[in-house]
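Here is the structure we will look at, set down as structure tokens.
Nothing in this text is a laboratory measurement; each read-out follows from the coordinates by a stated rule. This structure is a prediction, so every number in the text was calculated from the model and none was measured. Cβ: placed from backbone, ideal geometry, glycine included. Neighbour counts: every protein chain shown.
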Amino acid sequence: MDRIRALGVALLLAALAPAASAQTLLKLDARAAAAAPQTGHLKLGTARSPQGHTLAANSQYLLRDGQPWLPVMGEYHYSRAPAEQWNAQLRLMKAAGIDIVASYVFWNHHQQQPGAFNWAGNRDLRRFVQLARAAGLQVFVRLGPWVHGESRYGGIPDWVVDKMPTRGDDAEYLGHVERLYAEIGAQLQGLLWKDGGPVIGVQLENEYNLRGPGRGEQHIRTLKALALKAGMDVPLYTVTGWDGAVYPSGEVLPVFGGYPDEPWARSTQELPPKETHAFRFSTRVSGDLGAQTRSHGPGTAETDKDKVPFLGAEYGPGLPAMYRRRTLVSPDDIAAMLPVQIGSGVNLLGYYMFHGGRNPPGAGGTGLEESTLSGGYNDTPRISYDFQAPLGPDGQQRPVLTRLRPFHYFLHEHGPRLATMTVRQPERLPATHADLQTPRWSVRAAGDSGFLFFNNHVRQYAMPAQTGVRFEVQLPGGSVTLPSTPVDIPSGAYFIWPLNLELDGIALRYATAQPVTRVDAGAQGLVHVFAATAGIPAEFALPDGVRTLTPGTAQLQRIGSRDGRAISLLLLAPEQLAQLSVLDLAGQRRLVFSEQQAWVADGRLQLRGTGPGPLRAAVFPALPQPRAAGLQVRQDGLMQRLELAGDTAQPALQIRATREARSAPRVLTGGLAGAALQPVPEAFAAAASWSLTLPAALPTKAEDVLLELDFVGDIGRLFAGTRMLDDWYYNGQAWQIGLRQFALQPGATLSLNVLPLRADAPIYIDAAHRPAFAEGQAQVAELRGARLLMVRRVAIAP
């Protein structure tokens with residue numbers, strides 16, 4: 001009886017005591033043997049360069065000089081950018097962690113009329129490739145002939161579309177394609193990998209899922225034969241693998257992609273959660289990528305999965321502007337895709353687009369953009385191809401770039417090891433990609449080491465915080481359980497954590513912080529850089545126990561030594577990570593922290609900033625003798641701090657309203673999508689207009705001057721006289737135009753026209769940016785502000 005009473009008292013006390021926080025143990029078994037990579041299936045091109053370097057692929061990953069290679073690729077369209085900007089922009093891409101620059105060759109940018117091709121100026125493919133090589137980049141040329149790229153007829157010239165069948169083995173069409181490929185081959189002569197050049201691959205066609213006589217696998221085989229006939233013998237041949245794409249297995253490699261929203265969709269509402277933010281364990285296709293043709297059965301990629309590596313080419317670091325659906329993505333919408341894609345097995349992280357651009361003018365005033373007026377599925381701006389890209393059309397650094405760079409540096413440091421690791425799925429999976437409650441995570445492992453990938457962010461959907469979480473990962477040599485005590489993973493968090501990672505001979509059992517890079521700091525030893533995960537204590541399970549570190553750059557955390565050299569950790573806070581560039585400068589890898597753009601050219605550190613403020617950077621390890629006119633240098637603990645004073649001589653802009661808006665016509669629906677159509681040219685008679693007068697002289701110290709326009713309306717167009725310089729669909733994003741490229745006269749007056757946005761327009765704009773129409777208000781066309789921003793650049797000798 002006493003025992004029963006005692007038990008009753010204990011139960012009562014337990015009931016009255018504060019409830020212990022719930023704990024969630026997330027389990028994953030990574031002990032199963034992994035399949036060995038296979039060779040012999042792929043029949044690609046010449047893999048060896050004259051210097052003896054090799055580039056190849058097996059069934060699981062790329063190999064460079066026989067070692068696993070997991071590069072980062074970014075798209076930058078040379079013919080949509082001023083040639084005088086190419087050199088700096090390619091080097092900015094390199095500094096951001098890009099290894100390979102990819103570009104479409106738009107046939108209609110080079111041969112708008114039958115006859116001669118134009119490879120001059122902004123169309124000089126050969127010079128673009130040469131500059132890429134000088135910047136330390138490899139090159140992937142996407143040949144077409146049909147490329148899409150939101151271009152008129154997918155890049156095929158009007159005169160071809162008007163005369164003959166396209167995208168198949170029609171003899172007349174192939175005759176013109178053969179000449180196109182011969183022209184491209186001549187541009188690339190001596191620049192291919194087999195010649196010691198940077199061109200490592202070509203892509204044939206795009207989103208090709210057409211079937212029937214003269215189409216399907218046979219057409220891709222024909223295009224490859226024509227590329228080889230034109231001399232384009234390269235290590236890698238690719239095709240896009242989504243939307244039921246068909247291709248000859250073993251002759252080409254499929255590449256994949258994904259976007260966090262669908263501007264090509266018909267809906268005027270928020271879309272359901274996208275597959276792009278959910279880990280995939282059975283397929284490589286990530287939702288609707290906007291292919292112009294619909295598949296009629298499973299594609300080759302579905303049966304090729306165990307024969308070819310998982311390569312990416314179109315993971316969207318932004319989204320295109322389309323008239324009926326104007327999505328504006330956040331930096332986290334983009335960056336949260338990265339642990340998901342890498343954690344799903346991607347072994348080439350390829351972006352489309354990494355750099356924005358502008359369409360060149362077409363012959364006779366015809367636009368070269370995709371448009372429903374020319375039978376396209378979408379309406380796009382005539383000129384702007386901004387894409388919300390990490391680097392804007394004029395090289396502007398967008399906030400999303402600061403989120404992406406750390407993942408690129410991680411892949412540079414750990415990619416060779418990661419490429420060989422097999423994807424493992426957890427015990428409990430989300431029911432679908434719309435399941436927002438079940439934790440989203442995976443592990444890639446090889447033997448007893450691996451990386452844990454987690455995502456708790458989905459665009460436009462609030463994810464619940466995952467409370468009281470610990471992970472248990474079973475590896476062949478035993479389980480790793482982390483962290484030491486349960487943690488709450490905040491809503492919106494995404495990260496990569498290491499498991500059994502060797503740090504120059506020191507065993508790191510796990511860390512609840514993301515690896516970034518490694519620096520040889522000379523006398524200060526070897527430094528492993530990690531990034532703290534916001535809201536989660538940074539634990540490092542080391543041989544001498546578990547340490548919890550506080551982020552900051554004040555000092556290194558020594559964890560041991562090797563051959564008499566210190567081995568240390570440097571843990572960065574999120575705001576420090578956002579400023580980090582990892583650059584090879586003055587003979588070694590260095591960490592450069594700056595709010596401005598930082599890169600290397602001519603052996604000097606380049607800083608580029610916008611506005612009147614000072615240019616600042618912090619460098620570790622310190623530069624030997626940094627020099628530049630007006631440069632102030634001081635040592636602040638670990639960091640060498642560099643500063644140049646700001647320039648208060650900012651140019652002024654005179655603004656005057658010149659025409660009031662008239663009543664805009666109703667937005668019609670129709671076209672192939674059965675959705676909102678861009679207004680016809682005559683509709684712009686209703687546009688409001690402002691004159692923008694530039695100062696008599698632009699600052700001589702400025703590398704460029706950006707015109708920033710903040711308007712609310714439907715479509716904005718900027719003119720110099722009758723020449724349209726740029727255009728923009730309103731979506732809430734700042735519209736910036738670099739003015740130097742237009743060679744405007746001092747004191748020139750520009751005109752801004754804004755077509756009113758009707759309150760009843762059946763178009764999608766994110767709720768945060770859709771205008772709030774007053775009761776009875778039919779439309780809006782308003783210029784909220786306009787200003788000039790001076791772009792300054794300085795070169796600092798090391």
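Taking Cα centre as origin and charging only the Cβ of basic (Lys, Arg, +1) and acidic (Asp, Glu, -1) residues, the dipole magnitude of the chain rounds to 980 debye. A cut-off under 13 angstrom between Cβ atoms defines the neighbours of residue 533, and their net charge, with Lys, Arg +1 and Asp, Glu -1, is -2.
For the range 387-465, the list of trypsin sites (Lys or Arg not before Pro) that fall in a loop by DSSP and count at most 14 other C-beta atoms within 10 angstrom reads 428.
Rounded to the nearest 20 debye, the dipole magnitude of the range 605-703 is 60 debye, with +1 charges on Lys and Arg beta carbons, -1 on Asp and Glu beta carbons, and the Cα centre as origin.
Across the range 149-154, rounded Karplus estimates of 3J(HN,Hα) from the backbone phi angles (6.51 cos²θ - 1.76 cosθ + 1.60, θ = phi - 60°) give x, 6, 10, 4, 6, x Hz, Gly and Pro being marked x. Close amide H contacts of residue 561 (hydrogens built in the peptide plane, cut-off under 5 Å, sequence separation of 5 or more or a different chain): 567.
The length gained by stretching the chain between residue 701 and residue 680 to full extension, at 0.36 nm per residue less their Cα-Cα distance, is 3.3 nm. Projecting the Cα positions of 591, 622, 576 onto the charge dipole of the range 554-631 (unit charges on Cβ atoms of Lys, Arg, Asp and Glu, taken about the Cα centre) puts 622 furthest along the positive direction. Full extension of the chain segment joining residue 225 with residue 561 gains 115.4 nm, where the gain is 0.36 nm per residue of separation less the Cα-Cα distance.
The residue list 559, 240, 148 was ranked by how far each Cα lies along the charge dipole of the chain toward its positive end, using unit charges on Cβ atoms, and 559 comes out on top. The GluC sites (Glu not before Pro) found in the range 598-702 that occupy coil by DSSP, while having at most 10 further C-beta atoms within 10 Å, are 660. If I take R0 = 41 Å and measure r between the Cβ atoms of residue 431 and residue 767 in this structure, what FRET efficiency does the formula 1/(1 + (r/R0)^6) give, to the nearest 0.05? Plugging the Cβ-Cβ distance into 1/(1 + (r/R0)^6) gives 0.90. Residues whose amide H falls under 5 Å from that of residue 653, counting only those 5 or more places apart or on a different chain, are 788, with hydrogens built in the peptide plane. Selection among 334, 434, 371 by position relative to the dipole of the chain gives 334 as farthest towards the positive end (Cβ unit charges, Cα centre). Is the range 209-292 best put as rounded, prolate or oblate by its Cα gyration tensor, with a ≥ b ≥ c the root eigenvalues, rounded for a/c under 1.5, and otherwise prolate when a/b is larger than b/c, oblate when not? It comes out prolate by the Cα gyration axes. When DSSP beta bridges are restricted to pairs lying wholly in the chain, around 75% turn out antiparallel.
FRET efficiency for the residue 484 to residue 288 pair, using the beta carbon distance and R₀ = 35 Å, is estimated at 0.25. Our coupling estimate for the range 623-628, obtained by passing each phi through the Karplus curve with A = 6.51, B = -1.76, C = 1.60 and θ = phi - 60°, is 6, x, 8, x, 9, 6 Hz, Gly and Pro reported as x.
Shown here: semi-axes √(5λ) of the Cα gyration tensor in Å, derived from the displayed model; of the candidates (i) 44, 33, 26; (ii) 42, 33, 30; (iii) 64, 33, 28, it corresponds to (ii). As a quick test, which of the pairs 94/701; 94/274; 229/274 have an alpha carbon distance above 32 angstrom in this structure? Over 32 Å apart, Cα to Cα: 229/274. Net charge near residue 521, counting Lys/Arg +1 and Asp/Glu -1 over other residues with Cβ under 11 Å of its Cβ? Within the 11 Å Cβ shell, the charges total +3.
Its Cα centre serving as origin, the range 279-362 has a Cβ charge dipole (Lys and Arg +1, Asp and Glu -1) of approximately 280 debye.
Under the shape rule built on the C-alpha gyration tensor, where the axes satisfy a ≥ b ≥ c, the range 390-486 is oblate, since a/c reaches at least 1.5 while a/b does not exceed b/c. Listed by chain and number, the lysines whose alpha-carbon sits under 23 Å from that of residue 307, ignoring those within fewer than 8 places in the same chain, are 43, 224.
Please report how far the C-alpha centroid of the range 95-143 lies from that of the range 206-248, rounded to the nearest whole angstrom. Their Cα centres are 20 Å away from one another. Remark: the range 388-400, residue by residue, has Karplus-estimated 3J(HN,Hα) of 6, 5, x, 10, x, x, 10, x, 4, 7, 8, x, 4 Hz, where x stands for each Gly or Pro and the curve is 6.51 cos²θ - 1.76 cosθ + 1.60 at θ = phi - 60°.
Amide H contacts under 5 Å for residue 659: 689, restricted to partners 5 or more places along the chain or on a different chain, H placed in the peptide plane at 1.01 Å from N.
Give me the Kirkwood hydrodynamic radius of the range 594-734 in Å, from all C-alpha pairs, to one decimal place?
For the range 594-734, the Kirkwood estimate is 19.7 Å.
Averaging the Cα positions of each part gives two centres, and for the range 34-87 and the range 560-607 these lie 26 Å apart.
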